[in-house]
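Input: a single structure, listed below in structure tokens.
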Amino acid sequence: MIQSMTGFGKHIIQLPSKKITVELKSLNSKSLDLNARMPSAYREKELEIRKTIASALSRGKIDFSLYVEFTGKETTAEVNESAIKEYMGQLRSIADGDDLRLLEMALRMPDALKTEREDIEADEYDTITLAVKEALREIMTFRSEEGLVLEKDFLLRIQNLQILLGKVEQMDPDRQSEVRSRLEKAISDLKADVDENRFEQELVYYLEKYDITEEKVRLDNHLNYFATTLSSKDSNGKKLGFIAQEIGREINTIGSKANYAPMQQLVVQMKDELEKIKEQMLNVL
């Protein structure tokens with residue numbers, strides 16, 4: 001079963017003095033591109049969290065966010081008095097202003113507040129790890145549900161291509177007769193005597209040149225292979241992409257050999273269906 005690379009997962013932890021929110025967002029990408037945002041106090045655990053995410057999500061542009069909201073009365077932030085006084089002195093030497101205005105400006109400067117770094121307790125980190133795993137379960141469920149929608153659309157497009165291929169096969173005898181008639185008429189318009197045997201040989205040559213039997217067989221095989229791959233156990237967007245390229249190659253060859261307007265119109269419809277498959281293929285894991 002295929003999976004989409006688009007997904008979202010979120011889990012919230014409520015601790016005695018803080019609320020921690022874990023979010024995972026995923027978009028399509030050729031490889032795994034993981035971006036992590038978290039408070040500096042939790043950075044020492046970033047590598048372990050990255051490994052956990054990478055082992056579960058093999059591809060996609062992943063945004064991981066860890067938000068911490070303190071809900072208790074205690075706070076680890078304090079006013080950095082010495083830094084603020086230094087800022088106020090420098091500002092006063094540059095421009096006149098009352099102390100209140102200078103204080104407002106100094107508070108916006110870097111390091112105006114100092115934060116005491118707290119080590120993460122083992123229990124808290126274990127809880128965060130569980131939250132990450134819960135968010136991963138949510139995003140994987142999201143990916144699977146999106147994959148079902150994509151699979152349904154792919155099967156519809158493949159069915160449409162098979163119907164169009166059937167019309168091409170039904171039309172092929174008329175196309176060959178039309179090509180033969182045009183060649184015979186071209187010779188007749190020349191009003192020239194031609195060797196019948198040589199003419200027949202040349203006619204067979206051109207009809208073989210425009211023959212699309214192999215392309216029809218290969219295209220039918222590729223369509224069936226695409227549908228079979230869709231129902232396989234693992235999601236393999238790259239493999240489906242390769243099959244789609246082969247489908248496009250056969251459609252293009254049929255179009256170039258058709259030399260028959262009604263069949264070329266069918267080829268245009270086939271290309272349109274395939275283009276819709278390729279657009280959605282970018283989201284397949």
Give the angle, between 0 and 90 degrees and rounded to the nearest 10, that separates the Cα long axis of helix 261-281 from the longest principal axis of the Cα atoms of the chain.
20
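Given a Förster distance of 22 angstrom, what is the FRET efficiency for Lys238 paired with Asn35, based on the Cβ-Cβ distance and rounded to 0.05? Please report the intermediate quantities before stating the final value.
Values: r = 23 Å, r/R0 = 1.02.
Using R0 = 22 Å, I get an efficiency of 0.45.
Before anything else, pin down the relative contact order of the stretch 146-281: Cα pairs under 8 Å, at least 6 apart, normalised by residue count, whole percent. Don't skip to the answer; put the middle values down first.
Numbers: 85 pairs, mean separation 52.5, N = 136.
For the stretch 146-281, the relative contact order is 39 percent.
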Specify which residue in the list Ala41, Ile94, Gln14 is farthest towards the positive end of the charge dipole of the chain, using unit charges on the beta carbon of Lys, Arg (+1) and Asp, Glu (-1), about the Cα centre.
Gln14
In a Gaussian network model over the chain where Cα atoms closer than 10 Å are linked, find which of Ala54, Ala83, Ala131 has the largest mean-square fluctuation.
Ala83
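Please give me the summed charge of the neighbours of Asn28: other residues whose Cβ is under 15 Å from its Cβ, Lys and Arg +1, Asp and Glu -1.
Working: positive: Lys25, Lys30, Arg59, Lys61, Arg143, Lys238, Lys278; negative: Asp33, Asp63, Glu146, Glu279.
Computed value for this residue: +3.
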For Ala36, residues with placed amide H under 5 Å, excluding near neighbours
Phe64
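Assigning unit charges at the beta carbon (Lys, Arg +1; Asp, Glu -1) and nothing else, what dipole magnitude in debye, to the nearest 20, does the stretch 17-99 show about its Cα centre?
On the way: 14 positive and 14 negative charges, 169 e Å.
Computed charge dipole of the stretch 17-99: roughly 820 debye.
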In the stretch 1-96, GluC sites (Glu not before Pro) in a DSSP loop with at most 16 other beta-carbon atoms within 10 Å
Glu74
Taking the chain as the reference, fit the longest principal axis to its C-alpha atoms, fit the long axis of helix 81-94 to the helix C-alpha atoms, and give the angle between the two in degrees, 0 to 90, nearest 10.
80
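Can you give the extra length, in nm with one decimal, that the chain gains between Gln14 and Glu275 once fully stretched, where that is 0.36 nm per residue apart less the Cα-Cα distance? Working shown, then result.
On the way: separation 261, 0.36 × 261 = 93.96 nm, distance 4.74 nm.
That works out to 89.2 nm of additional length.
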Can you tell me the 0 to 90 degree angle between the C-alpha axis of helix 122-190 and the longest principal axis of the chain, rounded to 10?
20
Charge dipole (debye, nearest 20) of the chain; +1 at Cβ of Lys and Arg, -1 at Cβ of Asp and Glu
140
May I ask which residue of Gly255, Ser188, Tyr225 lies farthest towards the positive end of the charge dipole of the chain, with charges of +1 (Lys, Arg) and -1 (Asp, Glu) on Cβ and the Cα centre as origin?
Ser188
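Bear in mind that the values in this text are calculations on the coordinates, not laboratory data. As the structure is a computational prediction, the values presented were derived from the model and not from experiment. Using ideal geometry, Cβ is built from the backbone for each residue, glycine included, and neighbour counts are taken over all protein chains shown.
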